[in-house]
1. Looking at Thr447, Thr483, which one is within 29 Å of the chain's Cα centre (by Cα), polar (S, T, N, Q) and in a helix (DSSP H, G or I)?
2. Within region 113-145, which residues are under 15 Å from Ile218 (Cα atoms) and open to solvent by 80 Å² or more (accessible area, probe 1.4 Å)?
3. Only one of these is in contact (Cβ under 8 Å) with a residue 24 or more places away in the chain and over 18 Å from the mean Cα position of the chain (by Cα): His193, His204. Name it.
4. With the structure loaded, tell me whether Ile536 is open to solvent by 40 Å² or more (accessible area, probe 1.4 Å) and either closer than 17 Å to Leu462 by Cβ or in contact with a His (Cβ under 8 Å, 6 or more places away or on another chain) (or both) or whether it fails that test.
5. Assuming Lys608 fulfils every condition listed in (1) under 28 Å from the mean Cα position of the chain (by Cα); (2) farther than 22 Å from Pro286 by Cα apart from one, which condition is it?
6. Please name all residue pairs, on different chains or six or more residues apart, with Cβ atoms under 8 Å, provided the first residue is in region 292-321 and is closer than 17 Å to Glu245 by Cβ and without any contact (Cβ under 8 Å) to a residue 60 or more places away in the chain and the second residue is open to solvent by 20 Å² or more (accessible area, probe 1.4 Å) and not β-branched (Val, Ile, Thr).
7. I'm trying to understand the selection: among the residues of region 579-617, which are among the polar types (S, T, N, Q) and out of contact with any strand residue (DSSP E or B) (no Cβ under 9 Å at 6 or more places or on another chain)?
8. Which one of the conditions (1) part of a loop (DSSP other than H, G, I, E, B); (2) under 27 Å from the mean Cα position of the chain (by Cα) does His401 fail to meet, given that it meets all the rest?
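The values are calculated or read from the model by the stated rules, or taken from the named source; none is laboratory data. Predicted model, so just to flag it, every value in this text is computed and none were measured. No Cβ is skipped: glycine too gets one built from the backbone with ideal geometry, and neighbour counts run over all protein chains shown. With ligands, DNA and RNA removed, areas are computed over all heavy atoms of the protein, side chains included. Shrake-Rupley method; radii C 1.70, N 1.55, O 1.52, S 1.80 Å.
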Amino acid sequence: MKIPAITAISILLINPYINAQSTDSATAVQNIKVADGFTVELLHSLTAAQHGSWVNLCNDDKGRIIASDQFGGLYRFTPPPPGKALKPGDIKKVPAKIRAANGLLWAFGALYVGVNDYERKMESGLYRLTDSNGDDQLDKVEKLRGMTARGDHGIHALLLSPDGRSIHMITGNNTTPIKADASRVPMHWGEDHLLPRMPDGRGHNRDRLAPGGIIYKISPDGKEWEIISSGYRNIFDGAFNRDGELFAYDADMEYDFNTSWYRPTRVNHVTSGSMMGWRNGTGKRPEFYPDTLPPVINIGPGSPTGVTFGYGAKFPAKYQDALYILDWSWGKIHAVHMTPEGSTYSATKETFITGSPLPVSDVIIHAKDGAMYFTIGGRRVQSGLYRVTYTGKESTRPIKHTPEINDLARLRHKLEAFHVGKGKDALKTAWPHLDHPDRFIRWAALTAVQHQPPEQWSEQALNEKDYGKRVALLLGLCKVIATDPANRGDVTAIQKPKPGQQLVNAVYKSLMQVKWQQLNHAEQLTLVRAYQIALIRLGKPSQGLIEKIIDQLEPQFPAPSFEQNWLLCETLAFLQVPSTAAKGIQLLQEAATQEEQIEYARSLRMLKAGWNRDLRNVYFNWFLKASNYRGGASFSKFIEFIRRDAVASLSNEEKTMLKDLLAKKPVSKTPFEIMAEAMIGRKYVKQWTLDELSKASIKGLKNRNFEQGRKMFASGGCFACHRFANEGGMTGPDLTGAAGRYSSHDLLDQIINPSKEINEQFVPIVVTMKNNEVLTGVVVNLNGDRVTINTDMFDPNQRVNISRSQVKSIEPSKVSPMPPGLLNMMQKDEIMDMIAYILSGGDPSHKAFN
C-alpha cells in the first residue's frame, strides 16, 4: 500500500481528535463529512495490540466480513444491527497461520489471500485458506505461488472475474514479474528513452525498470497465469463494472511534482493488452505518447488504496453506479461517475467522504444490508471500522442494469480476442482499424497485429499506403523485431537480436516517405515517436538517411502544440540538429509554466550543435532561475541532473567562455519575489473591486484570448499553488474543474478576498506544543504516533516531525496563504481573459466562451 506525503488539511489533527480522544480511538464521526443524505457510523476503534491496523476487507459466503492487519493476521466479524457498534468480543481471530494480507477474496469456497510481507516473516505470494474439518474455521493454508515483492509497492488486491471462473491479481511495480503462461501484453516491453533517463534524485526505485506493475488473470487452482495489463506504478485495488470492464486506481510519484513527467493519481480503464506508461525517474510516458494509454480521469496528488463499485448498496441510483476510490493521504473517498465515451469511458468525480484524520484503506459494499463499510489504517496508525448508510429522501430501489456495450466497445472486444496467441483472421480484422479515431480501438488493433509473427505483416506495413496506419505499424514493428538495449538480459521480456541492416534501412525509408501534412495531430505524434523507437531499438541509420530524417522533421519544429514540440525537440536534439538550439531556447523563454520549461531544458541538455554565446547564456541563466522553482522532494535534484548533463555537453572552449556564469551561485528568492519579478515592467492599474469585475464578467467572457489568459494565470503566480490541466502546484485547490464549482462572480470573489472563505483542505494550521513552541504549516505524513508537518508551503522538504502526545493545541489559521491584490497589476481585459481561461478548463473550444 502506497502511503507517502499527505499535504492536506484534511488529515490535520484538530483539537477534538488530540484532546478528546485517546490514542486507541479512531476518528470521531463529527470530524467526518459525507455527501448529503448519508450517515457515517464508527463501528469500532481497534486496539493496536489486539487487532493491529486494518488495510483490507472482504465479504465471505455467510454474510460476515473478513479483515486483515497490514503486519498481522486475519479477523472475522458479523456486521452489527443499524445503530449498534461492534464489541471487542465480536471480532474473532482467524486461526489460519497467515499474515500481511494486502488482498482478500472469497471465491470457489475458499479465502484467497495476497500476502505482501515486506518484513519477510512469510513468503509473499498467492495463498488459499480453507476449513479443514467443517468447524467453520479457516485453518488450512496452501501456498499457490510464491512471489518476490518489496515494500509497499507489492502484491495487492484479488478480484473475481466477471464470468466467475478466474481471479485477477493486482501488483505494484516492486513485484518481480513472474513467468506467466500467456500474456495479452506483447512481451517486448522496454524503457524506450531516446535521451538518457534520469533516475529519481533521491534514489527511489532507481533499479526498477519495465514493465512496472502488472495485473494477472489466474486460474482458481493458481496454476495458470496470464498477464492482462502492465505499466502501473502502484495500483492497490480495482473493480469490474456491470459490463465486465475493469478499472484500477494508480498512484502518482509525489517526488516528481511540478515536473513535466509528473502524473497524478488516475483511474485507468484496464483493457486487454493495455500498457499504462509507468517508467522509472524521468521516464514516465505522458498521456499523449502513442505507446501508452490515457486514464479515464486524473484525480490529483494522493495515495490510492481501496476501490469498489456501489453495486448492491441501498443508495440513490447515482451512487449505486459510482466507482468509489480511496485516498489514504488526503483522507478522502471519491465517488467517480463514469459515462461511456467511444469504446471507453469519461468520468467526473465528487468527494463523497472526507475526514480529519481519515487514512482510508479499504471499502466494500455488504451484500445483505446494502451498507458501505470502510476502514482506516495502515502503517500502524490508529485503525477503525465505519459503516455508511443512506438516510435521505431519495429512492434506494435497486436500479435495473441496461447493458451499455456500444458498437465501438463491441469492436474493441472483437479485436481483443486476437490478443491471445496467433489468430487466423487477426491481420484481416485488425488492419482496417489501425487509424481508427478511437484511441482504445487503435490500441486493440495494433496489439492484435503485434501478436502475429512479424514475417506475416512487416512487408505490408512497410508499404502501407495509408500514412496514419503506416506510422502506427512501424512503431509496433520496431518493438516486435528488436529489443530495447536498456532491457537486454531481462528474463521477463522477449529478447530479439538486432535485425539485419536491410530491414533497418527499409523501416527508416518507409517512415521518410510519410507526408507530415497528411497526418492528423495524433498521427504526427506517432510518426515522431516511431522514429524514436527505431533510433532506440534499431540504432542510427547511415548519415545519408539521418539527413533525410532531419529534412522531414526539422521544418515542423516548432509546432503548434506542446506535445509535438516535446517529441520534436527531443528527437532533433538527439540527432544534433543545429537549429534546435535557437528554436528550443525560444520555446523555453516563452513557456508559461515551469513544467514546459523543464521539458525543453531536459531535451537541450544533450545538444552540442548550434549554440552560440548568447544562447548558452540564456540556457545557463535559466538554471539560476529554476533553482527557485518548487516541486516534489526530488525536484531540485532533477534540476541539478539536467544542469550536470548540460555542462558535460560543453566543449572545453565553451567551458572557458562560460566560466564565470557556470561558477555563479543562485540567489534564493521567495515565491512572492518570483511572482513580483514576473510582473516587472507592468504598472499598477487599480485596486479592482468585486462589484466592477463581476459586472464586467456577465457579458465580457465571450471570445476571449485564451493564450493571454494562460499567461496571466502564470504571471499572477497561480501555477505556483494551483493545479490546472495537469500543471502547477498542489498547495491550493485544483482549478481544472473550476467551472463546476464557481460562477465568474464566485471565482473573482475567491481571488479578491482570499481569506473570506478558505478551502478547509488547504488551511494552514498553527500547532502549539506543550513546551510552547509554535509551528505553522500542514500535516504531510502520519506514522504511528508521529506527525510530520511541512512548515513551508512552497518547499516540500521543509518538514518537522512531532509526537502527537506533545501537542498542546492545533488551530486552523484564519489567514489564507493566497495573497490579496493579485489582480491590481492587470488590465480588465487581461483579467477577463484569465477568468475565461480558468472557467473553460483551458479548452479554447468551450462553447460557453465562444
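1. Thr447
2. Selection gives Lys143 alone.
3. His193
4. For Ile536, the condition - open to solvent by 40 Å² or more (accessible area, probe 1.4 Å) and either closer than 17 Å to Leu462 by Cβ or in contact with a His (Cβ under 8 Å, 6 or more places away or on another chain) (or both) - is not met.
5. Among (1) under 28 Å from the mean Cα position of the chain (by Cα); (2) farther than 22 Å from Pro286 by Cα, Lys608 violates only (1).
6. Pro295/Glu287; Val296/Met338; Val296/Tyr345; Val296/Ser346; Val296/Ala347; Ile297/Ser346; Ile297/Ala347; Ile297/Lys349
7. Ser579, Thr580, Gln586, Gln589, Gln597, Ser603, Asn612, Asn617
8. Checking His401 against (1) part of a loop (DSSP other than H, G, I, E, B); (2) under 27 Å from the mean Cα position of the chain (by Cα), the one that fails is (2).
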